[in-house]
Amino acid sequence: MLVTFKSHASPTITMLENLAQFLLGLVGKRLGERGAIGEDEMGEAIAKLEAAIAEDNAVAKKESEGKQSAEREEEDRLRLAQRAYPLLDMLRESRKENVAVMWEIGRR
């Protein structure tokens, strides 16, 4: 299933359910058929997502020391930062405009 994130502050984002569930879990939310991150929760959600990305980047850097360039590039494509930035950007833009980020699960 696909999850669609919407905000009046940025373009719509669609992602697979398992990724959406993981990212929402990082910010302290549960994936339901519909949900929202309110303006009052935005700062904390952004901080949690940024912390998770920083931690993942630190682990990746430590793991990549001594590996060949091609091997590092393959692993880097699958890191949290690449997957989380669209939602993080949406949260940041929504905070600037003081609007909520909402999501809903759709059927393919």
Quick one: in segment 30-69, which of the residues that are free of Cβ contacts under 8 Å to residues at least 40 places away in the same chain and within 12 Å of the chain's Cα centre (by Cα) is nearest to D89 (Cα to Cα)? E50
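Would you check which residues across segment 33-49 are in contact with a helix residue (DSSP H, G or I) (Cβ under 9 Å, 6 or more places away or on another chain) and not acidic (D, E) and list them? Walk me through it before giving the result.
From segment 33-49, those in contact with a helix residue (DSSP H, G or I) (Cβ under 9 Å, 6 or more places away or on another chain) are 35, 37, 39, 42-43, 45-46, 48-49; that's our starting set.
Within segment 33-49, G35, I37, M42, G43, A45, I46, K48, L49 meet the criteria.
Throughout, read-outs are computed from the coordinates displayed, never taken from laboratory work. In this text the structure is predicted, and so the values were computed from the model without any measurement. Don't worry about glycine lacking a Cβ; one is built from the backbone with ideal geometry, like all the others, and counts go over all protein chains shown.
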